[in-house]
């Protein structure tokens with residue numbers, strides 16, 4: 001039921017011009033925070049321009065408004081905004097990261113979207129939506145916090161929602177798995193529209 | 001429950017899912033000090049019956065849909081055009097807190 005995605009990411013060692021890099025750039029901004037409107041992704045709106053998205057995964061780390069933890073872009077979207085955005089207090093497991101979002105799971109979730117995964121509940125607030133994956137149970141909506149097992153919705157008993165999946169909305173310490181069919185979907189993305197990122 | 005005053009409802013309501021009960025969804029005004037979340041649903045009930053709903057999108061961004069709303073007794077009806085209608089029973093309502101029973105509950 002639990003599958004290894006067999007994917008590892010490394011910080012870039014060369015920038016787009018071929019120069020050595022740490023893979024991290026830092027940009028001073030006068031913006032107090034950014035919303036989910038992609039403004040962090042352009043120097044003209046106080047953010048930082050992406051590196052070419054056909055060969056790099058761009059991750060913008062910033063202050064986001066309204067308590068939002070992050071957002072992503074699926075394969076096939078516009079190149080100038082391709083990548084994921086993550087709230088600075090929910091990035092990584094040290095430094096600015098604070099509980100309950102201090103285990104790096106926001107990046108796992110957003111990169112899941114970047115590799116074409118949908119939310120475990122199928123993005124409708126009822127039982128009609130699908131995450132386009134056959135081995136995750138149908139679920140009514142997002143789960144939050146640290147749910148108690150089981151959370152039965154949409155007739156998915158006895159085990160209920162797979163709220164411990166990285167593509168639900170629970171706290172970092174409560175999400176711990178992808179399924180085999182989610183991995184199939186991610187592998188299709190990394191072997192298809194995302195293949196330029198592979199080394 | 002006492003009759004609901006429509007004027008109490010006319011503002012933007014954001015899902016305070018941390019406060020949900022087994023039968024009810026709790027909403028707070030946008031000015032409420034919400035903790036961080038991967039996403040929050042909200043809807044704005046404007047005077048005159050206009051509705052602006054903001055749902056959690058498939059890539060975690062908000063998705064805005066416009067429609068209309070009406071209050072019938074203790075029933076709040078949100079009409080979202082092609083998105084259909086959502087009908088909630090109001091369990092409690094004040095300017096600071098709105099509790100809706102989920103459509104399926």
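Only the coordinates and a few stated rules stand behind these numbers; no lab work does. Remember, predicted model here, so these are calculated numbers, not experimental data. Neighbour counts run over all protein chains shown; Cβ positions are idealised from the backbone, glycine included.
Here are a few things to note about the model shown:
- Taking every alpha-carbon pair under 8 Å whose residues sit at least 6 apart, the range B:1-49 reaches a relative contact order of 43 percent.
- Between A:107, A:12, A:97, the Gaussian network model of chain A with springs among Cα atoms under 10 angstrom shows the greatest mean-square fluctuation at A:12.
- Spin-label model, residue A:199 to residue A:48: label points 7 Å out along the Cα-to-beta-carbon direction sit 1.8 nm apart.
- Axis of helix A:105-114 versus longest Cα principal axis of chain A: the two differ by about 80°, to the nearest ten degrees.
- Cα-based helix-to-principal-axis angle, A:180-191 vs chain A, degrees rounded to 10: 20
- With the simple spin-label model, which puts each label point 7 Å out from Cα in the Cβ direction, the residue A:30 to residue B:8 separation comes to 4.5 nm.
- Beta bridges assigned by DSSP with both partners in the protein assembly as shown are antiparallel in approximately 80 percent of cases.
- Cα-based shape type of chain A, given that a ≥ b ≥ c are square roots of the gyration tensor eigenvalues and the cut on a/c is 1.5: prolate
- Structural descriptor for chain B: relative contact order 26 percent, calculated from alpha carbon pairs under 8 angstrom and at least 6 residues apart.
- Theoretical FRET efficiency, 1/(1+(r/R0)^6), r = Cβ-Cβ of residue A:181 and residue A:55, R0 22 Å, to 0.05: 0.20
- Shielding by partners, peptide A:143-152 (average Cβ within 10 angstrom, other chains): 1
- Average Cα contact separation per residue, chain A, under 8 Å, 6 or more apart, as relative contact order %: 18
- Prolate/oblate/rounded label for the range B:2-85 (Cα gyration tensor, a/c 1.5): oblate
- Global geometry of the range A:94-199, whether rounded, prolate or oblate, following the gyration tensor of its Cα atoms and the 1.5 cut on a/c: oblate
- Helix-only CD estimate at 222 nm, as mean residue ellipticity for the protein assembly as shown, using -39500 (n - 2.57) per DSSP H run (n ≥ 4): -2500 deg cm²/dmol
- Gaussian network model of chain B, Cα within-10 Å springs - most flexible of B:85, B:93, B:30: B:85
- Number of partner chain Cβ atoms within 10 Å, mean per residue of A:70-77: 3
- Shielding score for B:14-21, defined as the mean number of other chain Cβ atoms within 10 Å: 2
- Selected from A:74, A:144, A:178 as most flexible by GNM, with chain A as the system and alpha-carbon contacts under 10 Å: A:144
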